[in-house]
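J.: Encoded as structure tokens, here's the structure I'll be asking about.
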Ligand code: F6P
């Protein structure tokens with residue numbers, strides 16, 4: 001097995017609180033193991049452009065507590081072309097980078113597969129506030145984003161209670177309703193409206209009218225951005241019209257992506273950063289590190305991407321046919337368990353909030 005002398009680390013796609021903690025862990029553990037670390041700035045685009053700087057232990061000081069990413073991030077269209085990938089490989093050769101740790105979401109992992117296939121081994125670390133990576137139970141940034149949302153909604157609730165209003169809040173998550181569901185529980189919302197589970201609005205409206213008669217003043221409804229552009233505003237109007245309760249709309253938008261990471265995100269990012277270094281220097285490649293059942297494990301990135309496609313229903317017949325039956329069974333079970341968990345959370349919301 002070739003000895004790794006120098007690795008690169010990059011962040012790509014939407015930033016997520018905890019990315020810095022992962023960069024710090026990668027850098028510190030690699031240096032401890034005698035492996036040099038090159039910080040690649042602006043994601044895969046930085047790899048194409050040679051936007052690279054050597055990182056020492058002090059370069060990652062005082063970042064564990066900071067949101068955003070000190071390596072910056074970008075979504076690179078050029079890297080999606082064969083020429084872009086080739087340029088990135090040439091940069092790795094020029095800087096003697098033996099392997100790259102890529103921190104981000106599914107787009108980042110697609111890039112990691114391409115780069116590995118082109119000869120530069122990569123390990124992925126799942127970091128996105130959306131929690132939409134099927135292979136891991138939790139992604140870096142999800143916990144912080146939810147805590148930020150809870151903090152904002154608690155504030156809305158104060159004013160909703162004073163004015164006896166309903167607030168409809170649209171949260172991020174791309175197509176995934178994870179942020180909406182969990183924050184709905186944490187703030188005591190009437191319902192969470194997400195793509196994965198249909199909402200019975202007749203029931204929601206009846207529940208609200210009944211609760212208002214019984215003295216409930218404020219109501220919260222959380223909707224996921226995955227419901228579509230303008231959906232939240234329309235929902236707001238519909239609720240006001242059908243319940244007669246004055247309703248306001250709010251969208252915290254990118255505020256959800258910022259801020260100091262929670263303890264949970266710092267610990268997760270540190271564990272995943274360390275695991276990624278261990279994997280890479282032990283000669284594993286094209287892996288993504290995941291949290292499963294409280295342990296950090298790893299999985300082939302291609303398989304992880306297939307799980308995401310199964311989850312989003314975007315997998316092709318050809319891709320399905322290429323997966324051995326026992327592996328497909330395990331993948332489908334992961335997807336089914338995730339959905340069952342969401343259904344369970346939805347059931348709780350419906351049964352304990354009035
Ligand atoms: O993937 C993270 C995320 O914040 C999504 O929740 C959201 O849909 C998207 O990124 C927003 O992207 P941008 O930062 O490009 O506006």
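J.: Of the conditions (1) farther than 30 Å from residue 266 by Cβ; (2) in a helix (DSSP H, G or I); (3) under 26 Å from the mean Cα position of the chain (by Cα), residue 234 fails just one. Which one is it?
T.: Failed condition: (3).
J.: Mind checking whether some residue in segment 297-305 is more than 30 Å from residue 67 (Cα to Cα), in contact (Cβ under 8 Å) with a residue 24 or more places away in the chain and not assigned by TED's automatic domain parsing to the domain that holds residue 215?
T.: no
J.: Now for a different question. I'd like to verify a number: residues in segment 140-161 that are over 13 Å from residue 129 (Cβ atoms) and in contact (Cβ under 8 Å) with a residue 12 or more places away in the chain, how many?
T.: The number of residues fulfilling the criteria is 8.
J.: Can you tell me which residue in segment 93-119 is nearest to the ligand (Cβ to nearest atom), limited to those that are under 17 Å from residue 50 (Cβ atoms) and surrounded by fewer than 23 Cβ atoms within 10 Å (Cβ to Cβ)?
T.: 118
J.: Then there is this: So, in segment 44-77, how many residues would count as being assigned to a helix (DSSP H, G or I) and surrounded by 15 or more Cβ atoms within 10 Å (Cβ to Cβ)?
T.: Number satisfying all stated conditions: 8.
J.: How many residues are farther than 22 Å from residue 275 by Cβ and buried (at least 22 other Cβ atoms within 10 Å of the Cβ) if we restrict to segment 27-43?
T.: Residues in segment 27-43 being farther than 22 Å from residue 275 by Cβ and buried (at least 22 other Cβ atoms within 10 Å of the Cβ): 0 in total.
J.: Can you confirm whether segment 193-205 contains a residue that is at pLDDT 95 or above and buried (at least 24 other Cβ atoms within 10 Å of the Cβ)?
T.: Within segment 193-205 (the criterion being at pLDDT 95 or above and buried (at least 24 other Cβ atoms within 10 Å of the Cβ)), the answer is yes, since at least one residue qualifies.
J.: Out of curiosity, is residue 338 under 12 Å from residue 133 (Cα atoms) and at pLDDT below 95?
T.: Spelling it out, it is not the case that residue 338 is under 12 Å from residue 133 (Cα atoms) and at pLDDT below 95.
J.: Among the residues of segment 120-133 satisfying the criterion of being away from the ligand (no atom under 15 Å from the Cβ) and in a loop (DSSP other than H, G, I, E, B), which is farthest from the chain's Cα centre (by Cα)?
T.: Checking each candidate, the answer is 120.
J.: For segment 93-109, which positions are in a helix (DSSP H, G or I) and either in contact with a strand residue (DSSP E or B) (Cβ under 6 Å, 6 or more places away or on another chain) or modelled with pLDDT of 95 or more (or both)?
T.: 93, 94, 108, 109
J.: Shifting gears a bit: Within segment 164-230, considering only strands (runs of 3 or more DSSP E) that don't extend past its boundaries, which have at least 1 residues that are within 16 Å of the ligand (Cβ to nearest atom) and within 18 Å of residue 338 (Cα to Cα)?
T.: Those strands (runs of 3 or more DSSP E) span 191-193, 219-224.
J.: Just checking, how many residues over segment 1-26 are part of a loop (DSSP other than H, G, I, E, B) and within 16 Å of the ligand (Cβ to nearest atom)?
T.: Matching residues across segment 1-26 total 7.
The values are calculated or read from the model by the stated rules, or taken from the named source; none is laboratory data. All values derive from a computational prediction rather than experimental measurement. A quick note on method: Cβ atoms are made from the backbone with ideal geometry, for glycine too, and the neighbour counts reach across all protein chains shown.
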